[in-house]
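To start, the structure under review is shown below, and the notes come after it.
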């Protein structure tokens, strides 16, 4: 048979489309599999990272579909976002037109790979029907206290007139215009993800055997649970006067209450209300005020890599237990987003505090010593466990016991409380941009902030906008924001912020899991996800291990609580695929090392691209592009086609009645290799994900087949191999399976025949005094006496003139003779 990839691939892609081969069934009594790859942003062209992600997902979907599961394998488009606005500015093209033209192009590219996506479930997150239900969620969350509005300090670009996420600030400048960003306080919308912090942490245990441990650790660290003591520092009388008595105290949180007697100073974040008051009212010398302003310009995420810097605020706090005063500083290492934005500093027992104290010549007081009880001159912080000293009535306690004792003391005397803190912060979702989902609220002078009525959803974007990159087009639109209050009917103003695109990607899997006909029906809630949810296999890049996965987990729990789904965790199993590299670097246009998937498909065919991408490396590892390996993948498929000529009608008619015992050694070995591949297939799809080992097994099987001429064994092999290779090289497999078996080998699960693994003989190593000398082949049922007889005969030349002291038979492995002489 001749292999013509273009003809074969066009033929079967047309067949699959015309027959709706990949649509899920509405028979909800059937066992299901929901296979999902993270959906793409419609940037205009697919890249090799897309190819790897979607070929992995497609392999799972095809495997389970052949094994009689009802399979949902959808695709959609994460279509809102800043890149469309940037393209609009650059090309003077409307973001909607640019986005949907890209979707059409990329859909054809993915189709050319033979990916088995459902067409009926496809959507884009910028579709107004998707926005409608998202806006309803936001309103329901607002009513439940999960969404709220507040003022906060944000990254602001004066040139672009927009808030920037931390990830969009590069070296203190805007990623788009390179203008220096400023910190600005402004109102915005927040999602109270912290209300679910403990549940998000606890439920990681449910995923321990099905998610990569690395991802679980990253999520755990991001949530960042810590237990400790929250207490207040009263300001000294003099300091209260300096602050015009606007502030009399502030609160701190510590996980080390056992070190509280070692506090020698306190530090506030640059954004702390006391610091801001001092700066705004110029209560310090000008050089100090300017230094603090420079600290405030640096985003929190960048401060961890900076040298520790601080300014003496020239105020003092009172130690809650000793009554002594301590200086209060502002320090760049204190994060306003953690605890109360203030810390008690114990330089003797915290390395960060120690380095700061050394730099600014602040006192260091040791209050924990090791087992020897000796206080030594410190060159670094003492962070080991030990015993308390100079800690009043707590001296002599082990520090592990002292933590709880001191917390109890604070609570009994109403000085402070035991508290759990999380590093996780509430999620700011406001964006001052056009191409996003409008936030469905109205500002009324009389009623305040009012949600839009559900029957008025979706709040749709106006299409007559001019996008210049300066300011929010919705805010600048002459009429769009003018409306009437849903509550009182008076003239009002519509909210012009749009939602962070992470919101859209946090629930899209629930949209797929609903009947598309019901989804489009007006007037009813479309959600009927109980059959399809949870996702059985989720595939995506490790770069999404924290934010996307955390937000998706949170949204699932919040929507469960609002009655939209019964799910608690969205993804049962997770596979995080590695990056595709070329010349040791991630493929990117800037590096000039991009490989165009379209060119590979055009030259070699989609099956070659799929085979290479799944064979070149385990899916969780980085994959180095290799042109010769692509050529090798093509040659294997061509060889697989050519050797199908060995499958005859006589072989097809007789292979189901093969008498294994009557076969030659070569025939048995060939048959075993084929069934090895079948066993490997089941392991890969249900446990290991090691597609490269499955493909290697198929290659070994094809090589073993070539050593024998039994027509029935060739037929049986192709019956099995076309089946297990179908998820990897589907076009070639369908073509051969159709020509040879009329696709009947795709109709049912294949049975593993254990007879092929029965050995006629086993090979044992012969060792003399522990050194291997030769091998013997014996029957698996041979007795020790028979084995020893054969072993002695085979090793006569080493045993001559020697006395055998000991004879050892290790079953199925070796025979060892211990000799003397």
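The values are calculated or read from the model by the stated rules, or taken from the named source; none is laboratory data. Computed from a predicted structure; not experimentally measured. Note that each Cβ is placed from the backbone with ideal geometry, even for glycine, and that neighbours are counted across all protein chains shown.
Couple of notes before you dig in:
- Filtering 800, 742, 747 for residues that are loosely packed, with under 12 Cβ neighbours inside 10 Å, over 27 Å from residue 686 (Cα atoms) and either modelled with pLDDT of 95 or more or assigned by TED's automatic domain parsing to the domain that holds residue 699 (or both) leaves a single hit, 742.
- Matching residues in the range 169-193 - criterion: being within 30 Å of residue 137 (Cβ to Cβ), buried (at least 17 other Cβ atoms within 10 Å of the Cβ) and touching a strand residue (DSSP E or B) at 6+ places or on another chain (Cβ under 6 Å): 169, 188, 189, 190, 191, 193
- Residue within the range 518-540 that is closer than 28 Å to residue 163 by Cβ and in the same structural domain as residue 33 (by TED's automatic domain parsing) present: yes
- Failed condition for residue 147, given (1) closer than 23 Å to residue 56 by Cβ; (2) in contact with a strand residue (DSSP E or B) (Cβ under 6 Å, 6 or more places away or on another chain): (1)
- Boolean, residue 153 is modelled with pLDDT under 95, under 30 Å from residue 344 (Cα atoms), surrounded by 14 or more Cβ atoms within 10 Å (Cβ to Cβ) and over 22 Å from the mean Cα position of the chain (by Cα): yes
- Among the residues listed as 50, 63, the single one being under 23 Å from the mean Cα position of the chain (by Cα) and either in a helix (DSSP H, G or I) or under 27 Å from residue 604 (Cα atoms) (or both): 50
- Residue in the range 128-145 that is part of a loop (DSSP other than H, G, I, E, B), in contact with a helix residue (DSSP H, G or I) (Cβ under 8 Å, 6 or more places away or on another chain) and at pLDDT below 95 present: no
- Scanning the range 561-577 for residues that are part of a loop (DSSP other than H, G, I, E, B) and closer than 20 Å to residue 208 by Cα yields 567, 568, 569, 570, 572, 573.
- Among the conditions (1) without any contact (Cβ under 8 Å) to a residue 40 or more places away in the chain; (2) under 22 Å from residue 172 (Cα atoms); (3) touching a helix residue (DSSP H, G or I) at 6+ places or on another chain (Cβ under 7 Å), the only one that residue 284 does not satisfy is (2).
- Scanning the range 515-558 for residues that are without any contact (Cβ under 8 Å) to a residue 24 or more places away in the chain and either at positive phi or crowded, with 22+ Cβ neighbours inside 10 Å (or both) yields a single hit, 523.
- Boolean, residue 616 is in contact with a strand residue (DSSP E or B) (Cβ under 6 Å, 6 or more places away or on another chain), farther than 29 Å from residue 753 by Cβ and outside the structural domain of residue 777 (by TED's automatic domain parsing): yes
- Whether a residue is in contact with a helix residue (DSSP H, G or I) (Cβ under 9 Å, 6 or more places away or on another chain) and either closer than 12 Å to residue 814 by Cβ or without any contact (Cβ under 8 Å) to a residue 24 or more places away in the chain (or both) was assessed, and residue 774 passes this test.
- Qualifying residue in the range 333-348 (condition: farther than 27 Å from residue 405 by Cβ, modelled with pLDDT of 95 or more and surrounded by fewer than 19 Cβ atoms within 10 Å (Cβ to Cβ)): no
- Verdict on residue 423 being closer than 30 Å to residue 552 by Cα, at pLDDT 95 or above and out of contact with any strand residue (DSSP E or B) (no Cβ under 7 Å at 6 or more places or on another chain): no
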